[in-house]
Amino acid sequence: MADLVENCLHLEGLRVAAGSEYRCPVCEESLDLEGVARWVRDAERSRDKAYSMVEGDGFGEIVREELQREVYRRRRVMYELENVPRVVTARPEMILVIHDTGKASYECRIFYKEPRPAGGLEQVSVAAVQETILELRSDPDPVVRLISEKVEEFHAYRAKLSEVGEPAPERRVFYANEL
Ligand SMILES: [Zn+2]
C-alpha cells in the first residue's frame, strides 16, 4: 500500500473527501489543499530539472513535453478542486453505515435527493474507535458532523449487544426522518 501511494500519479484526479481533504480514488491517499499545491510543485520541479539538464536532442524534447503536460494536468485538478463549493447545505436523504470487521472501521455511504449537490460528500470511512468518531464532531462539514453522530449511535448500540454476548448487526441504514 505504501508503494502504491508513493508511486501513484493520481491519474483519475482527486475527489472531495471528509473535512477539507481531497482523496485519490486509485491509491486512496488524502491531501489537503496545501498537499495538492505541493503535488503541483513536484511536477513543476521535475519539469524544471529536465529543462536545465538536457541539450536539445529529440528524446529530451519528448520528456520535457511530457513533464510539461503533467504540470498542466495537476494544475487543472487543483483549479477544479478550488472551485468546488465546499459548503453543502443539502441534507442527506439516507446514510448507510457498514461495519468493516477487517478494517475495524465504519464505511459510510451518503445519499442525497436528486439532483445531487455539487461536491457533496459521498463516502466516509471512520475507524471504529470512540475518540476518532467523536473527533469528527468538530469537522467544518455539517455532513461529517452528522455522520459522527450516527456512527456514534450505531457504535454504542453494537458495543451494548456485544457486552451481553448478542451478535451485533454489521450495517445500519439511517433514513431522512432520523437525520
Ligand atoms: Zn493516487
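The values are calculated or read from the model by the stated rules, or taken from the named source; none is laboratory data. As the structure is a computational prediction, the values presented were derived from the model and not from experiment. So basically every Cβ, Gly included, is an ideal-geometry build from the backbone, and we count neighbours across all protein chains shown.
Brief remarks on what is shown
- Among the residues of segment 120-179, those identified as among the basic types (Lys, Arg) and either at positive phi or in contact (Cβ under 8 Å) with a residue 12 or more places away in the chain (or both) are ARG137, LYS150, ARG158, ARG171, ARG172.
- Look at (1) within 18 Å of ARG76 (Cβ to Cβ); (2) at pLDDT below 95; (3) more than 15 Å from the ligand (Cβ to nearest atom) and you find that ARG41 fails only one, number (2).
- Within segment 30-57, tally of residues that are touching a Phe, Trp or Tyr at 6+ places or on another chain (Cβ under 9 Å) and in a loop (DSSP other than H, G, I, E, B): 1
- When residues of segment 5-21 are limited to those that are at positive phi and either in a strand (DSSP E or B) or within 11 Å of the ligand (Cβ to nearest atom) (or both), the one modelled with the highest pLDDT: HIS10
- Number of the exception - VAL26 against (1) at pLDDT below 90; (2) out of contact with any Ser or Thr (no Cβ under 9 Å at 6 or more places or on another chain); (3) hydrophobic (A, V, I, L, M, F, W, C); (4) in a loop (DSSP other than H, G, I, E, B): (1)
- Qualifying residues in segment 99-122 (those that are modelled with pLDDT of 90 or more and loosely packed, with under 15 Cβ neighbours inside 10 Å) - the one farthest from CYS24 (Cα to Cα): THR101
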